[in-house]
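Taken together, the values in this text are just the output of simple stated rules run on the coordinates, not laboratory data. Everything numeric here is computed off the predicted structure, so don't read it as measured data. With ideal geometry, Cβ positions are generated from the backbone for all residues, glycine too; neighbour counts draw on all protein chains shown.
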């Protein structure tokens, strides 16, 4: 009998590095929180544990979002695109998503011909990430 | 005098292939429509022309979204994430985003232990893409 998560993985096309881009979106407000990468193992953990787990390319390690900061992303639904090469992760974000203390990582907007910071930090970043960084 | 778009590009970290992931989101509903890739030149065109232009990795060519299908994405705002390595493209999507004729490319949801199609095609795909494919 095939493990259901193996079937989930069978539908996903990982890239040459064995990764797939994963977009985290707050399930009820629609806010796009961040974009990160998942390995097969992080997809497996995400589905098995019901919380987003990414692959940190800088640390080359599994990254259970919020494991040190408490910024856990509870999985609401995992979606896959038409080509099978991008994931959309509906989550309930606890606290803020960004390591700068902002709710979303996408806080630079191109306005008036410059990158403009459009969101304030809601928490002090140094309190969030003593160890965990993307 | 620096071209403002050069300044925009200066803030963006392109990957080893010279590309950056770009998430297209319908600006008013928050629906995530698709994920694709942008090159410096496609970012330049997106900002200069006010419509999303991607880089098609399969065709190795610039891809003005909707150039053959009419599924144009009018740019509302371009956003950049904290690390400068992912773009969020707020757009007004004309028609559907997906080459299958669905509004969003993310129409597979992991439900009941299988990838489940959760959206119907709104237009027949063969009418959309005589030539254009991602």
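Some values worked out for this structure:
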item	result
Principal-axis tilt of helix B:40-49 within chain B, Cα atoms, nearest 10 degrees	80 degrees
Sorted by Cβ neighbour density within 10 Å, fewest at the top, the residues A:74, A:103	A:74, A:103
For B:51, A:111, order by how many other beta-carbon atoms lie within 10 Å, fewest first	A:111, B:51
GNM result for chain A, Cα springs below 10 Å: residue of A:116, A:100, A:68 fluctuating most strongly	A:116
Within 10 Å of each Cβ in A:23-36, the average number of Cβ atoms from other chains	4
Average other protein chain Cβ within 10 Å of Cβ, residues A:83-90	5
For region A:1-52: relative contact order, % (alpha-carbon pairs under 8 angstrom, 6 or more apart)	31 percent
Taking the convex hull of Cα positions in chain B, its mean projected area over all directions (nm²)	9.4 nm²
Chain A, helix-only ellipticity at 222 nm - DSSP H runs n ≥ 4, -39,500 (n - 2.57), divided by all residues, nearest 500	-4000 deg cm²/dmol
The protein assembly as shown pair-distance distribution - Cα-Cα, 5 Å bins, rounded %	1, 6, 13, 18, 19, 17, 14, 8, 3, 1, 0, 0, 0, 0
Cα centroid separation, region A:1-37 to region A:61-83 (Å)	9 Å
Value of relative contact order over chain B, rounded to a whole percent, pairs C-alpha under 8 Å and six or more apart	22 percent
